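To start, the structure under review is shown below, and the notes come after it.
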Amino acid sequence: MKQCPLARQSLRREGEAPASPPSAKPPSPSPAQQELRPPVASCGIYRYNEPVPDITANLAAVNDRIAAACERAGRAPEEVQLMAVGKKFTADIIAEAAEAGLTLFGENRIQEARVKIPECPGHLRWHFIGHLQSNKCRDAVELFSMIHAVDSVQLAAELNKRCAAAAKTMPVLLEVNVSGEGSKHGFTPDAAVDAIGAFDDFPQLELHGLMTMAPFTRAPESSRPHFRKLAGVRANCENALGAPLPELSMGMSGDFEIAIEEGATLIRLGTTLFGPRAAAGKD
């Protein structure tokens, strides 16, 4: 059996002494080391050899921050759904998060989700939040209850076809690239409004709103114009549709409070709940 490449990666921390040779007696673990969980690697889904986060405490702190942001914006906390982004974390960590009270989870890779979701508690809800390739639409329809990142009319057409074959109706969000960054997928604001009419041809899709990712920044306030712009695009889309679009999926660990102040109804948090991943990046 071929070994998963990730299983061969060394998870030894920088500066840590090399492992003792087989003939040497292993040193006794320090108290701090005893609090570490062993690394687990399985084809892209792995738990890092880091102190186990207190997800219950982290969730309580996040809920307090959500409530404070809602109070500043004159909103009710019930208007905001918290999605836990579990990418690259194993099913046992997801189970811990579920035990802490989280029920909505997001994944951005079909291959990882296909392995992990069947191993997780059955009552959880799963949204797909990554870039979706047309050849993965069948799996996405099977695994998820909402698709956040419909970034072209062609993708919407393929999703509609796959939903029809599965006798399923799928709630979706249009991804809008409000920042204009070339590295991001999504409709331009004007193209998003123009795309609304195409959904008359997609009876298996329910358009619930819009999604965006603000540029990565260490200054959360700089995300505000992008979130405010998405809210404006929604208003234009609602005018074109002649119906409300209730959902705005925006805001991640570094800027979710700003997103709430600007009208977010779905926030996507990973690091704030689970701690950092080994690979640097935004979540």
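Derivation of every value follows stated rules applied to the coordinates shown; laboratory data play no part. Note that the structure is predicted; figures quoted are calculated from it, not measured. Neighbour counts run over all protein chains shown; Cβ positions are idealised from the backbone, glycine included.
Assorted remarks:
- In this structure, the amide hydrogen of GLU175, modeled 1.01 Å from its nitrogen in the peptide plane, lies closer than 5 angstrom to those of VAL150, ASP151, PHE187, MET211, counting only residues at least 5 positions away or on a different chain.
- Neighbour-count ranking [beta-carbon atoms within 10 angstrom, fewest first] of GLU181, GLU78: GLU78, GLU181
- Here's how it looks for GLY106: its modeled amide H is under 5 Å from those of ALA84, VAL85, GLY86, HIS127, which are all 5 or more places away or on a different chain.
- Sequence of THR212, THR265, THR169 once ranked by neighbouring C-beta atoms within 10 Å, starting from the fewest: THR169, THR265, THR212
- Amide proton proximity set for GLU247, modelled H, under 5 Å, gap of 5+: GLY209, LEU210
- Around SER249: net Lys/Arg minus Asp/Glu count, Cβ-Cβ under 12 Å: 0
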